[in-house]
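A.B. asks: Starting off with a structure, shown below.
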Amino acid sequence: MIEFEVFCFFTYTDAQWQQIREVVQRELNRDADGIPDQRRVVSFANVACGRRGTLRHRIERLAAVHVTRSAVARTTPAPKARIKQLTELDKLAEALRDATDAAYATPNVDRDLIDFAKLKAAIARDIAALKQTLAAVNTSKADRNQFWNDVVTIWTDIGGERTGMAAARFLMAVSGPVFDTVRAEGGSKTAASMPTHPNSVANWLRLRDADLHASGP
């Protein structure tokens, strides 16, 4: 796979990267700085960031995707906010209908100006669909889980197991600075939801693995 990039959107500080290196060294007995990114990547960002084809660049690129995704989500009305907007619109439609009904007593009023029944039905459908979305999935948490799934893929690519405390420590070391950035930029709490103990992350990994096996062939 060949990927083209222009900018380096996220970088770990040396201290943050050192924490990741220590986990990789302790758990896998490997030097993270000596692990290449095996993918075929053609990128100006690799040069600009000074980490052409490295594991660090692969992780930072993944982190940048999560930070960017969270930024986009902030500019998109959340389902609850949209439901509130539509509810207010429905009230305005009712008020306008009442005012129009009063105006019908006046000659020469176009009674077909607005189909209020159709408008209110459309609003009701939109609200029902949004409520279904809320019940089905927490989008920001889904974004966080997608980020973690991708981090686990990197961990297994370099020789780690999909579950266990070692994987949990790697997830926490990689995620901490990323989630700090999301929160600092005003992102959703669930998009930057970091458990305070590795046991909680290990439990997430265990449940994730069980779900993968259950959905498998």
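A.B. asks: Applying the selection to region 164-203, what residues are outside any helix (DSSP H, G or I) and at pLDDT 95 or above? First the steps, then the outcome.
C.D. replies: Kept after step one, since they are outside any helix (DSSP H, G or I), are these residues of region 164-203: 164, 185-189, 193-197.
Scanning region 164-203 gives a single hit, Gly164.
A.B. asks: Still on this structure, please answer the following. I'd like the residue in region 48-84 that is among the polar types (S, T, N, Q) and surrounded by 15 or more Cβ atoms within 10 Å (Cβ to Cβ) and, out of all such residues, is modelled with the lowest pLDDT.
C.D. replies: Taking region 48-84 and keeping what is among the polar types (S, T, N, Q), we get 54, 68, 70, 75-76.
Cutting the leftovers down to surrounded by 15 or more Cβ atoms within 10 Å (Cβ to Cβ) gives us 54, 70.
Values: Thr54: 89, Ser70: 81.
My answer is Ser70.
A.B. asks: Among the candidates Arg206, Arg144, single out the residue that is over 17 Å from Gln19 (Cα atoms) and at pLDDT 90 or above. First the steps, then the outcome.
C.D. replies: Values: Arg144 fails: at pLDDT 90 or above.
After ruling out the rest, the residue left standing is Arg206.
A.B. asks: Name every residue in region 152-178 that is in contact with a Leu (Cβ under 8 Å, 6 or more places away or on another chain), exposed (fewer than 15 other Cβ atoms within 10 Å of the Cβ) and either aromatic (Phe, Trp, Tyr) or in contact (Cβ under 8 Å) with a residue 60 or more places away in the chain (or both), in order of residue number.
C.D. replies: Within region 152-178, Gly159 is the sole residue that qualifies.
A.B. asks: At pLDDT 85 or above, under 27 Å from the mean Cα position of the chain (by Cα) and either among the polar types (S, T, N, Q) or under 28 Å from Lys141 (Cα atoms) (or both) - does that describe any residue in region 26-45?
C.D. replies: Looking through region 26-45, none of the residues is at pLDDT 85 or above, under 27 Å from the mean Cα position of the chain (by Cα) and either among the polar types (S, T, N, Q) or under 28 Å from Lys141 (Cα atoms) (or both).
A.B. asks: Looking at the structure I just gave you, is Lys91 within 29 Å of Lys141 (Cα to Cα) and surrounded by fewer than 16 Cβ atoms within 10 Å (Cβ to Cβ)?
C.D. replies: Numbers: within 29 Å of Lys141 (Cα to Cα): no; surrounded by fewer than 16 Cβ atoms within 10 Å (Cβ to Cβ): yes.
Judged against the criteria, Lys91 is not a match.
A.B. asks: Could you go through region 95-112 and let me know if any residue there is more than 25 Å from the chain's Cα centre (by Cα), at pLDDT 75 or above and within 20 Å of Thr156 (Cα to Cα).
C.D. replies: Taking every residue of region 95-112 in turn, none turns out to be more than 25 Å from the chain's Cα centre (by Cα), at pLDDT 75 or above and within 20 Å of Thr156 (Cα to Cα).
The values are calculated or read from the model by the stated rules, or taken from the named source; none is laboratory data. Computed from a prediction, not measured in an experiment: that's the story for all the values here. Virtual Cβ from ideal backbone geometry, glycine too; neighbours counted across all protein chains shown.
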